[in-house]
Structure formats: C-alpha cells, structure tokens
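Engineer: Structure incoming, see below.
The values are calculated or read from the model by the stated rules, or taken from the named source; none is laboratory data. All values derive from a computational prediction rather than experimental measurement. Quick reminder, even Gly has a Cβ in these numbers, built from the backbone with ideal geometry, and neighbours come from all protein chains shown. Heads up: the accessible areas ignore ligands, DNA and RNA and are worked out on the full protein's heavy atoms, side chains in. Shrake-Rupley method; radii C 1.70, N 1.55, O 1.52, S 1.80 Å.
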Amino acid sequence: MIETEKLTKIYSNGIKALNELDLTLNSRISCIIGRNGAGKTTLVKILSTQLRQTSGKAMILGYDVINDRHKLRKIICSIPQEVKPAGISSPLEHLVMYLTARGFSIKESFNLAEIALKEIGLGDFMETPTDELSGGMKRKIFVAMALASQAEVIFLDEPTVGLDPISRLEVWGAIRQLKGNVILTTHYMEEAQALCDQIAIIDKGKALKIGSLNELLEPLKGKVRIEGIGEISIGGLKISYVTPDEAKELISKSSINGGVKISVKPVSLEDVLILSGVNIEES
Ligand SMILES: Nc1ncnc2c1ncn2[C@@H]1O[C@H](COP(=O)(O)OP(=O)(O)O)[C@@H](O)[C@H]1O
Ligand SMILES: [Mg+2]
C-alpha cells in the first residue's frame, strides 16, 4: 500500500530528517514508531503530499506522491500532530466544515458527520462547544473527521500524545473503528502494540525494522528481560535477556551473595527498540 525508496528529506537548515528510507507498509493499521526527531512527521507530511522530498520515491496505492498528488489528495486524509479544535465550535460544525472543504455537499456533509460522530461515541455531544469536552473527546473529533471523510488512506500523526490514560483508550477505540488503511505514528510502544498489525521502527530517518509484533519479537522468543544485571545499561538500569531458567539461577545466586535486586519481566516492543540500538531515553 505504501512504498518508499531511498526517500530523503534535507531541510533548508541542513538537517537530514529522512535518510534514504526504504519502507513497505501493507497492513490495515500500520504504525511508524520512533523517538522524537526520528523523522515520523516528515515522513507523514511527504506521504500526505504536504511536503516535497529532496530525493527518492514514495508511492501510495500505486500513485506517486509528487506526480499523482492531485489524485492522492482526494483519497487520503491526514490528521496532523497536536491538532486542536476551535473551542466555540461544536464537533458537528468541525466535521461539516471539513467535509464541505473536501467537496461534499452541505447535506451530505451533515449526514456523514452525524453518522461518524455517533459511531465514535460523540453522538450526545455533537452540538456541545468543544471547550466543554474532555481531552479524549476533543481528539476523537479528529478521528471522526477521518472516519467521515471516507478516505481510503488515513494518516494520524501522534494521535494520543499528551492524553491521559483513559482518554487514550477512548481514542484507540475510535481508531479501531476507522475504515480504509490507517498509518499512525507514535512514540508510545503500548499504542503500537495495541493497535497495529505492522510496525516500522524508524530512527535517524532510516527504517530499522518492519514487521508484525510477533515477527519483531521473534529474536527474543523464549527469553525474559531481567533488570538489575547485564551488559545493556539504560539510564543506569542494567538489562539483559535470558531464558527463564537462567533467570532463576541468576536470582538464586544474587540472593546467596546478598547482592543486587533482580526483577524479571516479559519481553515487549520496548525490548525490540532497545536491541535495535534506539536510545529511547532521548524521547
Ligand atoms: N521544518 C523544519 N525545518 C528544519 N528542520 C526540521 C523541520 N521539521 C523537522 N525538522 C527536523 O527534522 C528532524 C525530524 O523531525 P520530525 O520529522 O518532526 O520527527 P518526529 O516526528 O519523529 O519527531 C528533527 O531533527 C527536526 O528537528
Ligand atoms: Mg512528529
């Protein structure tokens, strides 16, 4: 569905945000994960035809992001990072404005807006000034926009950044209701794990790994993460990956020696990032 080839973006200040990025995404919900500054927003802007790459190629559903941009703009919807609604307008007004701008008639826009808002759980708040809504509900307005747009490809850039845990769950529920192909960026590992069929880890403008969660966890199969001992050190915390039996042995040895406290945890996407060399502390 999305394919990039040696995609490079060098900003006018000389920063290379994307560095010959090769990426293929073909799942219904794909996720681009990486720490702040990894190049996620730059990538989404190029894919959604808002920014031109310096070199390389990017295709969406077979359409080139530069040559076929007019065609693509009709079939994609992009919700930018940290977008905020206008306080005095209601969710319904937001959606109707957006949909008429996309070319739907007023009547169609009202119709699609109401259906989407109900589907996403904002049915009772359609006409409430957005000032009076919670953070999660505010963000859901934009997910409702994407749903109502009937776009084939939807980009959500950091859709839950800054939200409290409950609001985040609500927005996740809304994202799951989206139709079409969804590409979201996040620096939250739980978000990628919870929502995405395919995860691309990017760092310094390059794709380090792409796969389903299971595929990414494959090298760590049969291992647990132990904290308190090991070669990898993150913020002073020592980590290593061992089998459960090895973990038991290490724990018993350490209690005999009256030594360090060792804790055992199941492996997760965070461990894939750690082993890819992404220093998540800088996030
Ligand atoms: N408009 C811009 N001009 C110059 N540098 C930029 C611009 N936008 C982003 N950058 C730089 O490009 C790099 C990637 O940024 P970005 O794509 O926003 O990453 P992410 O979304 O993963 O946090 C960062 O070093 C950032 O400072
Ligand atoms: Mg960003």
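Engineer: State the Kirkwood hydrodynamic radius of the range 47-156 in Å, one decimal place, computed from all pairs of distinct Cα atoms.
Structural biologist: After inverting the mean inverse Cα-Cα distance, the result is 14.7 Å.
Engineer: Just how much of GLU227 is accessible, in Å², when a 1.4 Å probe is used and the result is rounded to the nearest 10?
Structural biologist: GLU227 has an accessible surface of roughly 20 Å² with all protein chains in place.
Engineer: On a full-extension model of 0.36 nm per residue, what is the gain between ILE115 and LYS248, subtracting their alpha-carbon distance, rounded to one decimal in nm?
Structural biologist: 42.4 nm
Engineer: Below 23 Å, Cα to Cα, which lysines can LYS223 reach? Residues fewer than 8 away in the same chain don't count.
Structural biologist: LYS209, LYS238, LYS248, LYS253, LYS261, LYS265
Engineer: Using the structure shown, list the pairs from LYS138/LYS179; LYS74/LYS118; LYS84/LYS221; LYS107/LYS138; LYS16/LYS179 with a Cα-Cα distance above 30 Å, or answer none.
Structural biologist: Flagged as over cut-off: LYS84/LYS221; LYS16/LYS179.
Engineer: Using +1 on the beta carbon of Lys and Arg, -1 on that of Asp and Glu, and nothing else charged, what's the dipole of the chain about the Cα centre, debye to 20?
Structural biologist: Dipole of the chain, to the nearest 20 debye: 580 debye.
Engineer: OK, next. If DNA, RNA and ligands are ignored and the probe is 1.4 Å, what is the ranking of PHE125, PHE155 by accessible area, most exposed first?
Structural biologist: Putting PHE125, PHE155 in descending order of accessible area: PHE125, PHE155.
Engineer: Something else now. Under the Cβ-under-4.7 Å rule, which cysteines of the chain stay unpaired?
Structural biologist: Lone cysteines by the Cβ rule: CYS77.
Engineer: Separate question: Using Cα pairs under 8 angstrom and six or more residues apart, how large is the relative contact order of the range 2-217, in percent?
Structural biologist: Relative contact order of the range 2-217: 29 percent.
Engineer: Extension gain SER233-THR54, at 0.36 nm per residue separation less the Cα-Cα distance, in nm?
Structural biologist: Gain on stretching SER233 to THR54: 60.8 nm.
Engineer: For the pair THR24 and ASP197, how long in nm is the line joining their label points, each one 7 Å along Cα→Cβ?
Structural biologist: Output for this residue pair reads 1.6 nm.
Engineer: Now a separate question. For the range 2-217, what does the accessible surface come to per residue with a 1.4 Å probe? Please give it in Å².
Structural biologist: With all protein chains present, the range 2-217 gives 45 Å² per residue.
Engineer: Something else: What whole number of Å gives the distance from the Cα centroid of the range 189-249 to the Cα centroid of the range 140-184?
Structural biologist: Each part reduced to its Cα centre gives a spacing of 26 Å.
Engineer: Now for a separate question. On a 0 to 90 degree scale, rounded to 10, what angle separates helix 106-119 from the longest Cα axis of the chain?
Structural biologist: So the inclination is approximately 30 degrees.
Engineer: Using the beta-carbon distance between SER212 and VAL161 and R0 = 22 Å, what value does 1/(1 + (r/R0)^6) give for FRET efficiency, to the nearest 0.05?
Structural biologist: 0.40
Engineer: While we're looking at this one, here's another question. If each residue of separation counts as 0.36 nm, what is the full-extension length gain between ILE88 and LYS221 once their alpha-carbon separation is subtracted?
Structural biologist: Result: 42.7 nm gained on full extension.
Engineer: More than 34 angstrom separation, counting every C-alpha pair in the chain; what % is that?
Structural biologist: 29 percent
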